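Okay, so here's the structure we're looking at.
The values are calculated or read from the model by the stated rules, or taken from the named source; none is laboratory data. Remember, predicted model here, so these are calculated numbers, not experimental data. Ideal geometry is used to build each Cβ from the backbone, glycine not excepted, and the neighbour counts take in all protein chains shown.
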Amino acid sequence: MARKKIALIGAGQIGGTLALLAGQKELGDIVLFDIPAAEGTAKGKALDIAQLSPVEGFDARYSGSSDYKDIEGADVVIVTAGVPRKPGMTRDDLVGINAKVIDSVGKGIKQHAPNAFVIVITNPLDAMVGLMQEVTGFAPEKVVGMAGVLDSARFRLFLAEEFNVSVEDVTAFVLGGHGDTMVPLLRYSTVGGISLHDLVDMGWTTKERLEAIVQRTRDGGAEIVAHLKTGSAFYAPAASAIAMAESYLRDKKRVIPCAAKLNGEYGVKGLYIGVPVVIGSKGVERIVEVEFNAEEKAMFDKSVAAVQSLIDATNKIVGR
Ligand code: A3D
């Protein structure tokens, strides 16, 4: 069986880490793509990681390019093209530049990788993945946004630290838009199968401490931007997108939170927003719809409204 092909559009901080992780997991051959001015970065990172492969013991071909022809026939395309946040900026501040970038990248993908499963990481995520699906015209199940895996990983880490248990035994359930309005569902988040509410009753933590952890999760990206000063998180975002790509390429059918296009689920139509989905060889194979209580519904509706206003801003920029 021929190796799969993975195209990474944007060879920056996340792009380089994606290339490394995809190789280490032997997901396929990898093309790092960037604009002509950054072609050297794409080629240099590709060569550097290729030279790491004998040491680490994996087989993958690496190349760098600024020519869309080189992504021809890609099975998976992961998009990080655009600019990241700097201290003091919100994700929404990026829309002016990144909407134009996604518009042009979408056209390139449509022409050269028409059968790809496309994972968008560029912020503001929910608006950019929606734009990508419109520009490519691909089926909604083949275009998905990475945010929930990262947000829930952050939540899982902070919970594991709070309880002094393994991160492996903490599951977390995060819905809604990527950003300040994200909706962590405590009822469905567990430690070793025990819900957080039960853990409060058992005296393992308090409601107040859980609320502080939820807030730290919401601000998880900004906390890292404040430390780095020159850009935003890249290791964990890359690992999160690789988990999605792996579930698609290996038909694992993992149940993970992603930005998916809703078609009436959760009372929303035609909008990308973070929900639990099953990812398998057909792409987004199922959207998992859970019942909300009144408080969760209010948080979700607020998140949907925030995403809608970003989409309106995006549409103005790209003239849709
Ligand atoms: P960075 O290291 O700046 O890399 C972005 C790359 O995109 C650069 O190499 C650019 O040259 C390249 N680029 C710009 N325009 C184009 C174009 N038209 N075609 C191809 N390449 C282009 O940023 P990064 O890797 O740190 O972050 C990339 C994006 O991911 C940013 O928008 C971040 O905000 C976003 N991000 C999202 C999350 C989520 O959880 C959704 C987390 C972290 C970062």
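Here are some notes:
- Residues within region 27-39 that are within 16 Å of the ligand (Cβ to nearest atom), in a strand (DSSP E or B) and not aromatic (Phe, Trp, Tyr), tallied: 3
- Criterion applied to Ala233, Ala239, Ala298 was being over 17 Å from the mean Cα position of the chain (by Cα) and closer than 28 Å to Met89 by Cα, and the one residue passing it is Ala298.
- Strands (runs of 3 or more DSSP E) fully within region 253-296 counting 1 or more residues that are touching a residue at least 24 places away in the same chain (Cβ under 8 Å) and hydroxyl-bearing (Ser, Thr, Tyr): 269-280
- Close Cβ contacts (under 7 Å, 6 or more residues apart or on different chains) running from residues in region 149-168 that are among the acidic types (Asp, Glu) to residues that are outside any helix (DSSP H, G or I) and within 13 Å of the ligand (Cβ to nearest atom) comprise Asp151/Val174; Asp151/His178; Asp151/Met182.
- Candidates are the residues of region 6-26 that are surrounded by 24 or more Cβ atoms within 10 Å (Cβ to Cβ) and in a loop (DSSP other than H, G, I, E, B); the one that is nearest to the ligand (Cβ to nearest atom) is Gly10.
- A single entry from Val105, Val76, Val144, Val95 fulfils the requirement of being within 13 Å of Cys258 (Cβ to Cβ), touching a residue at least 40 places away in the same chain (Cβ under 8 Å) and of a type outside the set (S, T, N, Q): Val144.
- Of the residues making up region 148-178, just one is within 16 Å of the ligand (Cβ to nearest atom), farther than 20 Å from Ile224 by Cα and not aliphatic (A, V, I, L, M), namely Gly176.
- In region 252-266, of all residues being more than 16 Å from the chain's Cα centre (by Cα) and not polar (S, T, N, Q), the one that is surrounded by the fewest Cβ atoms within 10 Å (Cβ to Cβ) corresponds to Gly264.
- Residue check for Ala42: touching a Phe, Trp or Tyr at 6+ places or on another chain (Cβ under 7 Å), of a type in the set (A, V, I, L, M, F, W, C) and within 12 Å of the ligand (Cβ to nearest atom): yes
- So Thr205, is it under 28 Å from Thr90 (Cα atoms), at pLDDT 95 or above and more than 15 Å from the ligand (Cβ to nearest atom): no
- Taking region 297-310 as the range and being surrounded by 13 or more Cβ atoms within 10 Å (Cβ to Cβ) and modelled with pLDDT of 90 or more as the test, the residues that pass are Lys297, Met299, Phe300, Asp301, Lys302, Ser303, Val304, Ala306, Val307, Gln308.
- Of all residues in region 284-296, those being out of contact with any strand residue (DSSP E or B) (no Cβ under 6 Å at 6 or more places or on another chain), surrounded by 15 or more Cβ atoms within 10 Å (Cβ to Cβ) and of a type in the set (D, E, K, R) number 1.
- Count of region 210-228 residues which are of a type outside the set (Asp, Glu) and either away from the ligand (no atom under 13 Å from the Cβ) or within 17 Å of Gly15 (Cα to Cα) (or both): 8
- Yes/no for Ser240 being polar (S, T, N, Q), touching a Leu at 6+ places or on another chain (Cβ under 6 Å), modelled with pLDDT of 95 or more and under 19 Å from Ile14 (Cβ atoms): yes
- The residues listed here are Val83, Val55; of these, the one that is free of Cβ contacts under 8 Å to residues at least 40 places away in the same chain, surrounded by fewer than 24 Cβ atoms within 10 Å (Cβ to Cβ) and closer than 25 Å to Val135 by Cα is Val83.
- Extreme residue, surrounded by the most Cβ atoms within 10 Å (Cβ to Cβ), among residues of region 267-283 that are hydrophobic (A, V, I, L, M, F, W, C) and touching a Lys or Arg at 6+ places or on another chain (Cβ under 8 Å): Ile279
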